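K.L.:
Attaching a single structure in structure tokens format; questions to follow.
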Amino acid sequence: MDYKQQYISDMWEAIKEVDLKGSFPSVIIAQGALESDWGRSSLSTNYNNYFGIKSGSSWSGPSVNMQTGEVFNGNNIIISSNFRVYPSIESSLKDRIALMQKSYPAALKAATPLEEIQALKNGGYATATNYVATVVSIINSNDLTKYDNQIQYVMKASTTYSIFLALGIAIVAMSAYKLIKK
């Protein structure tokens, strides 16, 4: 398996474990691929930060100072910034979702992957002028929208399992109650 497929597989497994709050899996996978160089950047391999999330003043967890490229007034520059450090890919993904809820709620209300990416860009998530086009290109060239459909199946299966589990527990509890009542 090549590095891109490995990254997609790893991110997909993490996605299945996290409540996405409306975010599209295709966007998450593509955005993470761009921000982490397909999981090969030092920030992702050493610090599990797959989305380039900076520490900011509200972050109380560990951080690491690294150089990053930014675009200001149309100029590409390199700056040093503090980035969040996570114990796992899942925790990086959970924090991305929490950050979106707090700072980019319009992205979570998007009807399409393109609308989600555009809402992130409009909200200031990225400074690169070609950010939206680049993320869309990664989605399209890797057929990532198939994961948007698959997550619906995963969520339905999980909900169905939870319902059957709850029913089973209720039946056992009722049976136990009847035995005790005798």
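The values are calculated or read from the model by the stated rules, or taken from the named source; none is laboratory data. Quick caveat, the model's predicted, so the values are computed rather than measured. Note that each Cβ is placed from the backbone with ideal geometry, even for glycine, and that neighbours are counted across all protein chains shown. In case anyone asks, the SASA skips ligands and DNA or RNA and just uses the protein heavy atoms, side chains included. Shrake-Rupley method; radii C 1.70, N 1.55, O 1.52, S 1.80 Å.
K.L.:
Just how much of Lys121 is accessible, in Å², when a 1.4 Å probe is used and the result is rounded to the nearest 10?
P.N.:
50 Å²
K.L.:
Work out the length of the dipole vector of the range 1-94 about its Cα centre, built from +1 on the beta-carbon of each Lys and Arg and -1 on the beta-carbon of each Asp and Glu, and round it to the nearest 20 debye. Could you put the intermediate results ahead of the total?
P.N.:
Numbers: 7 positive and 9 negative charges, 38 e Å.
Result for the range 1-94 is approximately 180 debye, rounded to the nearest 20.
K.L.:
Could you look at the range 68-122 and say what percent of its accessible area is carbon and sulfur, using a 1.4 Å probe and all protein chains?
P.N.:
Working: 1510 of 2900 Å².
Using a 1.4 Å probe with all protein chains present, the range 68-122 comes out at 52 percent carbon and sulfur.
K.L.:
With labels modelled as points extended 7 Å from the Cα through the Cβ direction, what inter-label distance (nm, one decimal) is found for Ser41 paired with Ile78?
P.N.:
Simple spin-label model gives 1.5 nm for this pair.
K.L.:
Related question: Solvent-accessible area per residue for the range 1-124 at a 1.4 Å probe radius, Å²?
P.N.:
Details: 6120 Å² over 124 residues.
It amounts to 49 Å² per residue over the range 1-124.
K.L.:
Compute the signed sum of charges (Lys and Arg +1, Asp and Glu -1) over the other residues within less than 9 Å, Cβ to Cβ, of Val27. Walk me through the intermediate numbers first.
P.N.:
Details: positive: none; negative: Glu116, Asp148.
For residues surrounding Val27, the net value is -2.
K.L.:
Going by accessible area, probe 1.4 Å, with all protein chains left in place, what is the ranking of Asp148, Asp19, largest first? Write down the numbers at each step before the final one.
P.N.:
Numbers: Asp148 15, Asp19 85 Å².
Final ranking, largest accessible area leading: Asp19, Asp148.
K.L.:
Would you kindly calculate the mean projected area, averaged across all directions, of the convex hull enclosing the Cα atoms of the range 33-113, in square nanometres?
P.N.:
On the way: hull surface 25.2 nm².
With the hull built on Cα positions only, its mean projection is 6.3 nm².
K.L.:
With a 1.4 Å probe and all protein chains kept in place, how much accessible area does Lys94 have, in Å² rounded to the nearest 10?
P.N.:
Answer for Lys94: close to 120 Å² accessible.
K.L.:
Report the accessible area of Trp59, computed with a 1.4 Å probe over the heavy atoms of all protein chains in place, in Å² rounded to the nearest 10.
P.N.:
The value for Trp59 is about 60 Å².
K.L.:
Starting from the Cα-Cα distance between Ser103 and Glu115, subtract it from 0.36 nm times their residue separation and give me the gain in nm to one decimal.
P.N.:
2.7 nm
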